[in-house]
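Peer 1: Sharing a structure, written as C-alpha cells. Questions coming.
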Amino acid sequence: MRRALIAILLILLAGAAFVFFGTKDEIDVTRILLEGKWVSTEDAKFTREFKSDGTIIDEYEGSAPDTNGNWTLFTKEMPVEGFTGELEDEPIYLAIAMPESEALYFKITKIDEGTLEMVYLNRGGTLSFTKIK
C-alpha cells in the first residue's frame with residue numbers, strides 16, 4: 001500500500017512539474033524516476049543501473065560489469081555537447097557515455113516508477129526496462 005502511494009505521488013509530482021515548472025524541473029523529476037536498477041524486458045540477463053552521481057553500470061549476467069560510464073538527461077532547450085541529430089521540442093533525452101565506445105543517445109518515451117521505454121537514436125529500435133531496485 002505504501003509503495004503504491006509513493007508511486008502515485010511520483011506520478012503526480014511529474015505531472016505538476018511539467019505543468020508548473022517547465023523543462024528543468026521536468027528533467028529533475030525524470031532523473032529521480034530514472035535512478036535505480038532496471039532489467040531489460042527483452043533480455044533478463046541485462047541490467048542497467050543509473051546512479052544518482054551520474055554514473056551508470058551496465059551488467060550482463062556472466063560478464064564483468066562496465067562501471068565507468070556516465071549518463072545525463074537533456075532536451076532541445078538544454079542540449080548535451082556532442083549530439084548532432086535533430087531534437088523534438090517536448091521529449092527528454094538520455095546520453096550515455098561509456099569508455100571505448102561511441103556515445104549512446106535515447107529519447108525517453110515512457111518513464112514511471114516501474115517502467116522505462118526509450119528509443120535508441122543512433123540506430124533506431126526501442127528498449128524497454130522494468131525497475132528492480
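Peer 1: Can you pull out every residue in the stretch 76-117 that is at pLDDT 95 or above and among the polar types (S, T, N, Q)?
Peer 2: Those that are at pLDDT 95 or above and among the polar types (S, T, N, Q): THR109, THR115.
Peer 1: Considering the stretch 69-84 alone, what residues qualify as being open to solvent by 30 Å² or more (accessible area, probe 1.4 Å) and either under 17 Å from ILE108 (Cβ atoms) or in contact with a Ser or Thr (Cβ under 8 Å, 6 or more places away or on another chain) (or both)?
Peer 2: ASN70, THR72, LYS76, GLU77, MET78, PRO79, VAL80, PHE83
Peer 1: Moving on. For the stretch 92-131, what are the residues that are in contact (Cβ under 8 Å) with a residue 60 or more places away in the chain and closer than 15 Å to GLU42 by Cβ?
Peer 2: LEU116, LEU127, SER128, PHE129, THR130, listed by residue number.
Peer 1: Additional query: Please identify the pairs in which a residue from the stretch 15-36 that is on the phi > 0 side of the Ramachandran plot and at pLDDT 50 or above has its Cβ atom under 9 Å from the Cβ atom of a residue that is among the aliphatic types (A, V, I, L, M) and outside any helix (DSSP H, G or I), counting only partners at least 6 apart or on another chain.
Peer 2: Going by the 9 Å Cβ cut-off, the qualifying pairs are GLY36/ILE132.
Peer 1: Please state which of the following conditions LEU87 fails to meet, knowing it meets all the rest: (1) on the phi > 0 side of the Ramachandran plot; (2) buried (at least 16 other Cβ atoms within 10 Å of the Cβ).
Peer 2: With (1) on the phi > 0 side of the Ramachandran plot; (2) buried (at least 16 other Cβ atoms within 10 Å of the Cβ) applied to LEU87, the lone miss is (1).
Peer 1: A further question follows. Quick check on the stretch 19-36. Is at least one of its residues of a type in the set (Phe, Trp, Tyr) and either crowded, with 16+ Cβ neighbours inside 10 Å or in contact with a Leu (Cβ under 7 Å, 6 or more places away or on another chain) (or both)? Even if it seems obvious, please write down each step before you answer.
Peer 2: Filtering the stretch 19-36 down to residues of a type in the set (Phe, Trp, Tyr) leaves 20-21.
Pick out the ones that are also either crowded, with 16+ Cβ neighbours inside 10 Å or in contact with a Leu (Cβ under 7 Å, 6 or more places away or on another chain) (or both) and you get none.
No, that holds for no residue.
The values are calculated or read from the model by the stated rules, or taken from the named source; none is laboratory data. All figures in this text were calculated on a predicted structure; none of them were measured in a lab. A quick note on method: Cβ atoms are made from the backbone with ideal geometry, for glycine too, and the neighbour counts reach across all protein chains shown. Calculation scope for accessible area: heavy atoms of the full protein, side chains included, ligands and nucleic acids excluded. Shrake-Rupley method; radii C 1.70, N 1.55, O 1.52, S 1.80 Å.
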